[in-house]
Amino acid sequence: KQEVTQIPAALSVPEGENLVLNCSFTDSAIYNLQWFRQDPGKGLTSLLLIQSSQREQTSGRLNASLDKSSGRSTLYIAASQPGDSATYLCAASYSGAGSYQLTFGKGTKLSVIP
Amino acid sequence: NAGVTQTPKFRILKIGQSMTLQCTQDMNHNYMYWYRQDPGMGLKLIYYSVGAGITDKGEVPNGYNVSRSTTEDFPLRLELAAPSQTSVYFCASSYDLAFFGQGTRLTVV
């Protein structure tokens with residue numbers, strides 16, 4: 001069974017700092033890995049998707065990397081802003097029974113202090 | 001572009017009542033999912049569907065049922081609601097990227 005772990009559970013940083021969020025998964029035979037953002041009381045918004053054949057993806061100040069051999073992904077946020085405060089979740093997609101299912105980590109709650 | 005729409009947003013049920021959570025998507029995705037999110041527990045997969053007429057159980061299916069008569073709609077049925085079903089429910093659809101609805105906050109009292 002695929003398990004996804006995110007450490008730390010919470011992180012507080014001053015505005016302007018660069019930061020890294022970590023995600024690890026147990027089964028390296030993933031189909032893809034996605035990073036999501038969740039604001040309080042809201043749904044999940046997809047940030048980045050990395051296919052299993054890719055090493056990284058970038059979108060604006062966000063960069064996500066994938067290392068299947070070590071079972072790890074990182075989300076790098078450059079020049080953090082108070083508006084980045086949210087919970088960030090990673091999810092590994094794997095193929096099972098003819099479908100692609102997402103297994104989620106429990107998330108890292110990020111607070112960016114002005 | 002509506003994406004994934006869930007209704008209702010909030011609901012209070014009494015123990016033993018039943019209800020249907022509605023989910024519809026307008027992106028023509030074959031894959032659709034129902035998750036529940038509990039504090040500190042992450043998202044758990046309840047049921048999923050790979051296309052109209054095809055559904056299968058996820059990690060926590062007990063107490064729930066689903067149907068998929070069209071590509072667009074994937075309702076989740078709760079029969080005989082129990083306090084343990086108090087949670088936030090999310091519907092999602094995907095091709096590669098997954099798109100989530102805004103969630104239904106359900107309280108069973």
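Across chain A, Cα-Cα pairs farther apart than 17 Å form 51% of the total. Kirkwood's formula applied to the C-alpha pairs of chain B gives a hydrodynamic radius of 13.7 angstrom. Extending 7 Å from Cα along the Cβ direction at residue B:69 and again at residue B:54 yields two label points whose distance is 2.1 nm. For the Cα trace of the protein assembly as shown, dividing Rg by the Kirkwood Rh returns an Rg/Rh value of 0.97.
Legend: mean number of C-beta atoms from other chains within 10 angstrom of residue C-beta atoms, peptide B:84-91, equals 1. Surface composition of the protein assembly as shown: carbon plus sulfur atoms hold 51% of the accessible area, using a 1.4 angstrom probe and ignoring ligands, DNA and RNA. Here the simple spin-label model places points 7 Å from the Cα toward Cβ, and for residue A:79 and residue A:3 these points are separated by 4.0 nm.
When restricted to Cα atoms, region B:31-72 yields an Rg and a Dmax of 10.9, 34 Å, respectively. Per-residue mean of foreign Cβ neighbours for A:103-111 is 3 (Cβ atoms of other chains, 10 Å radius).
For region A:1-26, backbone nitrogen atoms closer than 19 Å to the point 7 Å from residue A:56 Cα along Cα-to-C-beta are found at A:17-24.
Less than 17 Å apart at the alpha-carbon level, and either on another chain or at least 8 residues along: which lysines does that give for residue A:106? In chain and number order, the partners are A:1, A:42, B:44. Region A:40-89 and region B:12-42 have Cα centres spaced 25 Å apart.
Shown is the FRET efficiency for residue B:97 and residue A:111, computed with R0 = 30 Å from the Cβ-Cβ distance and rounded to the nearest 0.05: 0.65. For the segment A:41-47, counting C-beta atoms of other chains within 10 Å of every residue's C-beta and taking the mean gives 6. Structural descriptor for region A:6-71: relative contact order 26 percent, calculated from alpha carbon pairs under 8 angstrom and at least 6 residues apart. With a simple spin-label model that places each label point 7 Å from the Cα along the Cα-to-Cβ direction, the separation between residue B:18 and residue B:44 comes to 2.3 nm.
The values are calculated or read from the model by the stated rules, or taken from the named source; none is laboratory data. If you're wondering where the values come from, they're calculated on a predicted model, not measured in any experiment. Every residue, glycine among them, receives a Cβ derived from its backbone with ideal geometry; neighbour counts consider all protein chains shown. Calculation scope for accessible area: heavy atoms of the full protein, side chains included, ligands and nucleic acids excluded. Shrake-Rupley method; radii C 1.70, N 1.55, O 1.52, S 1.80 Å.
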